[in-house]
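Comments concern the structure below.
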Amino acid sequence: MKHIRSKLFAGFLCMAVLTVGMLWLIQAVIMKDSYLNERIQTIQSALSTTMDNSADYEVLETRLNISLLMTDSTGNVLYSSQGLPMRGMIMQRLPDLMKQNANSRVQYLQTGMRGTRYAVVGNTIAAGGRLFAVFSLVDVEEAARILLDQLWIITAVLLVISLVLAGILARMFARPISNVTRAAREMAEGKLDIALRVHTKDEIGQLTVALNELGAELQKTESLRRELIANVSHELRAPLSVIKGFAETVRDVTWPNEEKRTMQLTLISEEASRLSKTVNDILDYSRLQAGVEQVTIIDFKVRPILTEIINRYSIEAGKRSLSILLECPDIVLRFDQIRFIQVLDNLLNNALNHASSGSSIQVAVEQLGNRGRVSVKNAGETIPEEELGNIWDRHYRSERARYGRPLGTGLGLSIVKSIFVNHAISYGVSSKEGETVFWFETLPR
């Protein structure tokens, strides 16, 4: 059985057969003599409570459909029902019956080879006498035969119903599993836009939901991969073209001219640095997304680090008629120090690219209980509310940068978000009335 539908069908059918088998076992073995035993117990109970009164005997005979025979301790008959069945055989075996029924044992008598069977139940009465009840087993055996015939019919009906239900249930349970399997194969072949319908909330339904979520995430990953490749190709192509062009110019044209040669070699060096920065950002982003980057949390004084970072960007800020202001008390923050510097680098790059000329970029740190809150604010074009949630995942600078040659590689905010996620901290961005603020909180101390 290679298909789960066949296995489910066989399993349901085996369950039905086992159920029918248990029914036969209970009815034909365990419950075989239950009706007879119940009738004997009823008669014995009635005999033990019957008084020595002929009127009581007649009532008992009518109510239980039995015949009675009463003897004294020596075997003399004191009472006998009219029409006592098998009277001759009973009288002949009376001494034995009196001995054997002393403890209310049941004796069976039969007329002929395959004639009617009778049961004799005795009970001791006053003065050592005996009271015997004689009743036919025809009704008991007929009831057992009818039950057996009904059991055959019930078995046949149950088997037919079981076959139908096993087929329906096997198909019902196997269909969503088959759909999930088929969808998984299609996803393996590259078809990711798959959305299976969820009909139940059980494990199969949860599996379907999980597969739909996997498909959606794979689509996002594939879209990100294509976007990343496209942007990276653009980012690498530009500096490589500049490096190649100026290198050929230096080699073929301007080598004797020291001034031009120095200028062009400087441009080659700058483009090589930019290319190295792009490659490093791509590697950082890949490692952070893959979750292989280890986070080293330490406590450090934040003001000296921020001062050093701002000093590095002051020259570029001056070229763009911008100033960088720092508001930071002398406090200690808890964070991965290397990643903290990387976050501030990317946020300042972003602010320099989008700040209005002549404005100030404000870097602020404040204490919030046992945490720190760091913010970078710049004046510039307001970001629409509907786009704020996307700027972490897109190459946002290519659309709104104010300068023709922005700093960074376009992966900065994606890297920053990955660092925040790895640290499991709160972060966000707001943009109102021409001011944009990026903020994040540090780990509690």
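Is it the case that Arg171 is of a type in the set (Lys, Arg), assigned to a helix (DSSP H, G or I), modelled with pLDDT under 80 and over 30 Å from the mean Cα position of the chain (by Cα)? For Arg171, the condition - of a type in the set (Lys, Arg), assigned to a helix (DSSP H, G or I), modelled with pLDDT under 80 and over 30 Å from the mean Cα position of the chain (by Cα) - is not met. Scanning segment 319-340 for residues that are assigned to a helix (DSSP H, G or I) and either loosely packed, with under 15 Cβ neighbours inside 10 Å or at positive phi (or both) yields Lys319, Ile338.
Close contacts from segment 183-199, counting a first residue that is free of Cβ contacts under 8 Å to residues at least 12 places away in the same chain and a second that is in a loop (DSSP other than H, G, I, E, B) and surrounded by 10 or more Cβ atoms within 10 Å (Cβ to Cβ), with Cβ to Cβ under 7 Å and a gap of 6+ residues or different chains, come to Glu186/Ile194.
Beta carbons closer than 7 Å, at least 6 apart along the sequence or on distinct chains, pair a first residue in segment 262-282 that is of a type in the set (S, T, N, Q) with a second that is outside any helix (DSSP H, G or I) for Thr278/Thr409. Scanning for something touching a residue at least 60 places away in the same chain (Cβ under 8 Å), farther than 30 Å from Leu78 by Cβ and of a type in the set (Lys, Arg), does segment 143-156 turn up at least one residue? Checked against the condition, which is being touching a residue at least 60 places away in the same chain (Cβ under 8 Å), farther than 30 Å from Leu78 by Cβ and of a type in the set (Lys, Arg), segment 143-156 yields no hits at all.
Condition check ((1) among the hydrophobic types (A, V, I, L, M, F, W, C); (2) more than 25 Å from Arg334 (Cα to Cα); (3) at pLDDT 85 or above) across all residues:
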| site | (1), (2), (3) |
| --- | --- |
| Gly372 | no, no, yes |
| Lys377 | no, no, yes |
| Ile383 | yes, yes, yes |
| Glu387 | no, yes, no |
| Ala401 | yes, yes, no |
| Gly412 | no, no, no |
| Ser418 | no, no, yes |
| Ser426 | no, no, yes |
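Which members of segment 1-30 meet the condition of being part of a helix (DSSP H, G or I) and either at pLDDT below 70 or in contact with a Pro (Cβ under 7 Å, 6 or more places away or on another chain) (or both)? Within segment 1-30, Ile4, Arg5, Ala28, Val29, Ile30 qualify. Per the listing Ile324, Ile305, the residue uniquely within 11 Å of Val376 (Cβ to Cβ) and either in contact (Cβ under 8 Å) with a residue 24 or more places away in the chain or not assigned by TED's automatic domain parsing to the domain that holds Lys377 (or both) is Ile324.
Per the listing Ala127, Ala144, Ala133, the residue uniquely surrounded by 13 or more Cβ atoms within 10 Å (Cβ to Cβ) and modelled with pLDDT under 80 is Ala144. Does Glu435 satisfy being assigned by TED's automatic domain parsing to the domain that holds Val302, surrounded by 14 or more Cβ atoms within 10 Å (Cβ to Cβ), at pLDDT 85 or above and charged (D, E, K, R)? For Glu435, the condition - assigned by TED's automatic domain parsing to the domain that holds Val302, surrounded by 14 or more Cβ atoms within 10 Å (Cβ to Cβ), at pLDDT 85 or above and charged (D, E, K, R) - is met.
Number of residues in segment 174-227 that are at positive phi and part of a helix (DSSP H, G or I): the value is 0. Checking each residue in segment 109-159 for being part of a helix (DSSP H, G or I) and more than 60 Å from the chain's Cα centre (by Cα) picks out Ala126, Ala127, Gly128, Val138.
The values are calculated or read from the model by the stated rules, or taken from the named source; none is laboratory data. The structure displayed is predicted, hence computed values, not measured ones. Heads up, the Cβs are rebuilt from the backbone with ideal geometry, glycines too, and the neighbour counts pull from every protein chain shown.
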